[in-house]
Amino acid sequence: MTLRHDLLVVGGGPAGYAAALYGAATGLDVGLVEEGRIGGTCLHLGCIPAKELLETASVLRTVRDASQFGVSTGDHKPVVDLSVSQQRKQEVIDSLAGGLSSLLAGRDVTVYDGTGRLGADHVVTVDGPNGSTVVVADHIVLATGSTPRTIPGFEVDGTLVVTSDELLSLLEVPDRVAVIGAGAIGCEFASMLADYGSTITLLEALPEILPGCDTDVAGALQRSFHRRQISVHTGVVVHGHDPAGGVTTVRFGNDEAVEVDLVVMAVGRQPRGDSAGLVDTRVVVDDRGFIQVDGRLRTGEPGVYAVGDVVATPQLAHVGFAEGMFVVKDILGEAPTPLDPTTVPWCIYSHPEVAFAGLTEAAAVEAGHDVVVSSHRFAGNGRARILGDTDGLVKVVAERDSAGRAGRILGVHLVGPWATEQLGQGYLAVNWEATVDEVAAFIQPHPTLSEMFGETVLALTGRALHG
Ligand code: NAD
């Protein structure tokens, strides 16, 4: 028997389950194929477990610094028991996974347990634990995600060399760690392990950490890492390593080396472009493994879309959600506005946190904008002082208007306490194409961390209050 749907999604991570849930909410009859666990990398091996383990680091910092607030732990130095944190992590994951399954069931989404292979004529064969099932749909969405990359010479063995997949099950705090790659994953893990008590060497091939982030923000994070004794080396390519007796020596740069107990590989994620068969289809996978799509996320095969980490847009869960919803609207003929990758929100959960939306100062200049910039440090903010968490700044990049004043807001960049939760109004300002004058007219609650954004925008009007 051949099963039929209006929409069949292959891959149940954020991009795939968003397409399924949103499609079902519009009244489409939806099927969802998943070979592992619904929730994908984000829920099981990415965002959620990483942030849970980073929260353990945050609690540890709070307890460690408690005496500054007159709160005593007696003679006891706080210690972290990762087995407890791992259990808590799993409880968080399980409760969210349960919620997701209920949502899918509540919207009558048919979930197929197995690996889907797309062939000609929109036929998907699902190979599951109980044999093969053939499913056909008017529209197919490929959302097969990505896996961690490694570099030549480093074999991931789960003990000496790990990726995020293995690190997220960590039970013992390693003494000395080399983190290779200072993108979002590398910076989050370097920060987390440093809080746990590991000695960290962070190695990045490019000239700055967090490539693509505004240089003032990356610089502030790097200085903060330096104060926390994280040893950051930029502009150094890692060449290889020499394991011996349970430790290894990582070679990098010009004849530099560091001996460590653990290597964390954080050099990007490999799209799983060819994991869904695609034989006898016009779906094209490029030489990097991404499925090729146009601006409307359509592949070369009519009626077949691709979303999430498997396409060459920012590999972020919330971009996956947006893409999943976008294709449903496209299928329904609603002519949605294509997503602009330059204005999506970015949130990095290191300590201090980083969050931004829109153009960096350098990217704005490169794009030909005449820019006006203002930045304010959290050291001048009352709430940050109360929290005892003053590292970081807010930077706003605006376009100079015809009168020579700061006009439209092009980019908002934050590094500091709860930056990820503060980004909201900056994200709206950029995407609403608001001007500095429009945003400056709004009242910011006091005392808050987020009033720093208002203060920075106010400064761009030429009439700052506090700075
Ligand atoms: P990334 O591509 O963002 O960073 C990898 C870094 O490794 C780069 O800066 C690169 O220059 C460096 N690198 C590569 N080879 C190297 C070598 N041989 N020696 C030294 N440095 C080397 O990738 P990532 O941090 O692994 O993250 C993967 C994806 O997941 C990214 O798209 C990222 O944005 C996303 N992600 C985002 C978040 C978040 O936003 N909080 C968290 C996790 C992952």
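The values are calculated or read from the model by the stated rules, or taken from the named source; none is laboratory data. Since the structure is predicted, the reported quantities are computational estimates derived from the model, not experimental observations. Positions of Cβ are generated from backbone atoms using ideal geometry, with glycine treated the same way; all protein chains shown enter the neighbour counts. The accessibility values were calculated without ligands, DNA or RNA, using every heavy atom of the protein model including side chains. Shrake-Rupley method; radii C 1.70, N 1.55, O 1.52, S 1.80 Å.
In this entry, V232 passes the filter for residues that are among the β-branched types (V, I, T), free of Cβ contacts under 8 Å to residues at least 60 places away in the same chain and assigned to a strand (DSSP E or B). Scanning the range 454-467 for residues that are open to solvent by less than 60 Å² (accessible area, probe 1.4 Å) and over 19 Å from G416 (Cβ atoms) gives a single hit, T461.
With respect to the stated conditions, F252 is within 15 Å of the ligand (Cβ to nearest atom), farther than 24 Å from G46 by Cα, in contact (Cβ under 8 Å) with a residue 24 or more places away in the chain and hydrophobic (A, V, I, L, M, F, W, C). Within the range 91-107, is even one residue under 29 Å from D175 (Cβ atoms) and over 18 Å from the mean Cα position of the chain (by Cα)? Checked the range 91-107: at least one residue is under 29 Å from D175 (Cβ atoms) and over 18 Å from the mean Cα position of the chain (by Cα). Are any of the residues in the range 430-453 closer than 15 Å to T343 by Cβ and crowded, with 22+ Cβ neighbours inside 10 Å? Within the range 430-453, one or more residues are closer than 15 Å to T343 by Cβ and crowded, with 22+ Cβ neighbours inside 10 Å. Of all residues in the range 175-216, those satisfying the criterion of being within 15 Å of the chain's Cα centre (by Cα), near the ligand (Cβ under 8 Å from one of its atoms) and surrounded by 23 or more Cβ atoms within 10 Å (Cβ to Cβ) are G181, A182, I185, G186, C187, E188, L210.
Filtered by the rule that a residue be within 12 Å of the ligand (Cβ to nearest atom) and touching a strand residue (DSSP E or B) at 6+ places or on another chain (Cβ under 7 Å), the range 140-165 gives S146, T147, P148, R149, T150, I151, G153, F154, T163, S164, D165. For the range 134-174, a residue qualifies if it is under 17 Å from the mean Cα position of the chain (by Cα) and in a helix (DSSP H, G or I), and the qualifying residues are S164, D165, L167. Could you check the range 245-295 and list, in sequence order, the residues that are under 24 Å from the mean Cα position of the chain (by Cα), open to solvent by less than 60 Å² (accessible area, probe 1.4 Å) and not small (G, A, S)? Answer for the range 245-295, where residues must be under 24 Å from the mean Cα position of the chain (by Cα), open to solvent by less than 60 Å² (accessible area, probe 1.4 Å) and not small (G, A, S): L262, V263, V264, M265, V267, R269, P271, V285, D286, F290, I291, V293. State yes or no: is P302 modelled with pLDDT of 95 or more, within 15 Å of the ligand (Cβ to nearest atom) and within 24 Å of G119 (Cβ to Cβ)? Answer is no for this residue.
Within the range 143-159, not a single residue is surrounded by 19 or more Cβ atoms within 10 Å (Cβ to Cβ) and touching a Phe, Trp or Tyr at 6+ places or on another chain (Cβ under 7 Å). When the criteria are applied in full, V267 meets the requirement of being within 16 Å of the ligand (Cβ to nearest atom) and either of a type in the set (A, V, I, L, M) or touching a Gly at 6+ places or on another chain (Cβ under 6 Å) (or both). Residue count for the range 59-75 satisfying the condition of being surrounded by 10 or more Cβ atoms within 10 Å (Cβ to Cβ) and assigned to a helix (DSSP H, G or I): 9.
Taking (1) assigned to a strand (DSSP E or B); (2) within 14 Å of the ligand (Cβ to nearest atom); (3) closer than 22 Å to R223 by Cβ in turn, S350 satisfies each apart from (1).
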